[in-house]
Amino acid sequence: MHSPLAEAARADPAPLPRRWPMRLMRAAAVLVLLDTLLQAALAGLFVTGNVDLLAGHAANAGLLSALTVLQTLAALLVWRLLRGPAWPTAASTLLIALVSGQQGLGEARALAGHLPLGMAIFGCATALTCWAFTHRPAATGAVS
């Protein structure tokens, strides 16, 4: 005789949601935000007279560019695997374009555009980091 309680006891427990895409998004967002702050510090120190830091500022721009690509991939994984919102992927993609434009303006020494664009990058990075730590993905039924 089949007992519903016995069958329920034998059934596998509900699978846990995937956690790694959101962890990757959080880590990438923090790295992008911290590197953006480092860029601002390097720029500020350069402007105050330490001209040797310009090379470090330029080199760090390449790191920031790579980190924004990582963040975009993480946002894409959260969107597709965890069924998160699409806007962080779009915002991260925009951030890639902003950082690329920022690099071009910096190399051209066009500070009138370079400085305000830096503020936009910082704002976008901050918003994405805040979202990454407040978003709670729904259970997807997949095991991490």
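What follows is calculated from the coordinates using simple rules that are stated; it is not laboratory data. Quick caveat: nothing in here was measured; it's all calculated off a predicted structure. Backbone-built Cβ (ideal geometry, glycine too); neighbour counts: all protein chains shown.
Out of all Cα-Cα pairs in segment 21-130, roughly what percent, to the nearest whole number, are more than 24 Å apart?
Summing the P(r) tail past 24 Å for segment 21-130 gives 24 percent.
What does the charge count around PRO88 come to, taking other residues whose C-beta lies under 13 Å from its C-beta (Lys +1, Arg +1, Asp -1, Glu -1)?
+3
Which length gain, in nm to one decimal place, applies between ALA58 and ALA138 when the Cα-Cα distance is subtracted from 0.36 nm times their residue separation?
Gain in length upon complete extension: 24.8 nm.
Work out how much length THR126 to LEU38 would gain on full extension: take 0.36 nm times their residue separation and subtract the Cα-Cα distance, in nm to one decimal.
That works out to 30.3 nm of additional length.
In nm, give the distance between the simple-model label positions of VAL69 and GLU107, each being 7 Å from the Cα along the Cα-to-Cβ direction.
1.5
Report the gain in length on full extension from ALA90 to MET119: 0.36 nm times residue separation, minus Cα-Cα distance, nm rounded to one decimal.
Full-extension gain reported as 8.6 nm.
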